[in-house]
Every structure is written in C-alpha cells, then in structure tokens.
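Please read the structure below before turning to the comments.
The values are calculated or read from the model by the stated rules, or taken from the named source; none is laboratory data. Keep in mind that what you see is a predicted model, and the values were worked out from it rather than measured. Because the Cβ atoms are built from the backbone with ideal geometry, glycine has one as well, and the counts that use them run over all protein chains shown. Just the protein is used for accessible areas: all its heavy atoms, side chains included, with ligands, DNA and RNA removed. Shrake-Rupley method; radii C 1.70, N 1.55, O 1.52, S 1.80 Å.
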Amino acid sequence: MGILQTGNTFDNLSFSQGHSRKIWREIRRQWPVGGKVTNVSDWVSKNKIPAGTPCKYSMNATGGKEVKCYTDAQVKAAVTKQEGQSAAAGIDSLGINGYTDRDIPIVNGDTQGTATVIREGDIYEYMFDADVAVALKANTLCPGVVFVN
C-alpha cells in the first residue's frame with residue numbers, strides 16, 4: 001500500500017501594494033447588485049474597471065441586470081462637438097445613472113464581470129481628470145451622486 005497524502009501545499013508569493021485612494025466619502029443608495037458588465041472589451045487594455053467609473057445600469061428584455069461602464073474617452077466624446085455635427089450629443093446621451101462601487105479586475109476579453117452601481121452618495125472629485133469631472137457634473141440623470149473635494 002502506498003503512502004496516503006493529506007494536507008495542503010502553498011507557494012511562496014510576495015507582492016507589494018501601493019497606497020489606495022479613497023473613492024467614496026459616503027454611499028447612501030445603490031442599484032440592485034450583480035449587474036453584468038456588457039462592455040468588458042473596452043477595459044481589457046486597462047486590466048480593470050476602476051471604482052468610481054461612470055456607468056449606466058439597466059434591465060434587459062428578459063429582466064437581466066446590465067451595466068455599461070464608460071471610459072474617459074467615451075465621456076469626452078459625448079460632450080465634444082464632432083466634425084459634421086451641429087452640436088455635441090451631451091453627457092445625458094450616455095444615460096449615466098451611477099458609478100461603480102469597487103474595482104472590477106479584467107483579465108482578457110472573455111472576462112465576465114459584475115458591478116454594484118452607486119446611485120446616491122459622495123464621490124471624491126480627484127478621481128477624475130478635470131475635463132471629465134466637469135462633463136460628469138453636468139449629468140442630470142444621476143443627481144444623487146455629488147462630487148466632493
């Protein structure tokens with residue numbers, strides 16, 4: 001009879017983390033948790049969807065919760081007049097009705113992610129580039145999220 005092996009083995013792994021930045025001063029209300037992120041491919045190059053990312057929470061035809069997370073470039077494009085347009089579409093055209101609660105790690109384009117979307121709370125403005133913050137403050141579809149210093 002051979003030797004019966006029991007127990008666990010562990011590899012030695014060490015890593016360092018930098019200082020984390022506070023995103024939310026206060027969270028008061030959120031949309032129902034577990035919305036599936038529909039545009040993971042937009043985030044593969046960044047390896048994550050950062051906490052505090054502007055997004056649109058919605059329900060699909062079958063009642064599934066969906067979340068579309070917007071990059072800075074998408075926000076800027078909505079408020080910048082494009083060639084051939086009489087005016088910019090405006091920030092409200094994106095339907096932003098909340099911001100992600102936590103980071104969502106993205107490994108590759110096949111990653112399936114879910115998000116918790118905050119619809120009312122205080123978010124630190126330093127998390128955004130100045131021009132993105134100005135655009136997001138003009139959003140009328142998410143009045144419950146307030147930018148604070």
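The set of residues from the range 62-79 being of a type in the set (Asp, Glu) and more than 18 Å from residue 112 (Cα to Cα) comprises just one member, 72.
Among the residues of the range 113-122, the ones that are part of a strand (DSSP E or B) and open to solvent by less than 60 Å² (accessible area, probe 1.4 Å) come to 6 in all. Among the conditions (1) on the phi > 0 side of the Ramachandran plot; (2) without any contact (Cβ under 8 Å) to a residue 12 or more places away in the chain, the only one that residue 95 does not satisfy is (2).
Has the range 56-76 got at least one residue that is within 22 Å of residue 20 (Cβ to Cβ), open to solvent by less than 70 Å² (accessible area, probe 1.4 Å) and of a type in the set (S, T, N, Q)?
Here is the first cut: in the range 56-76, the residues within 22 Å of residue 20 (Cβ to Cβ) are 69, 71-72.
Subset that is open to solvent by less than 70 Å² (accessible area, probe 1.4 Å): 69, 71-72.
Then keep just the ones that are of a type in the set (S, T, N, Q); that gives 71.
Looking through the range 56-76, at least one residue is within 22 Å of residue 20 (Cβ to Cβ), open to solvent by less than 70 Å² (accessible area, probe 1.4 Å) and of a type in the set (S, T, N, Q).
Return yes when residue 102 is under 22 Å from residue 21 (Cβ atoms) and assigned to a loop (DSSP other than H, G, I, E, B) and no when it is not. Yes: the conditions hold for residue 102.
Here is the figure for the range 123-149: residues that are of a type outside the set (Gly, Ala, Ser), in a loop (DSSP other than H, G, I, E, B) and under 17 Å from the mean Cα position of the chain (by Cα) total 5.
Here is a yes/no grid of residues against (1) surrounded by 10 or more Cβ atoms within 10 Å (Cβ to Cβ); (2) at pLDDT below 95; (3) farther than 15 Å from residue 66 by Cα; (4) not aromatic (Phe, Trp, Tyr):
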site	(1), (2), (3), (4)
5	no, yes, yes, yes
9	no, yes, yes, yes
15	no, yes, yes, no
19	no, yes, yes, yes
27	yes, no, yes, yes
33	yes, yes, no, yes
39	yes, no, no, yes
47	yes, yes, yes, yes
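Scanning the range 97-112 for residues that are farther than 13 Å from residue 35 by Cβ and open to solvent by less than 30 Å² (accessible area, probe 1.4 Å) gives 106, 111.
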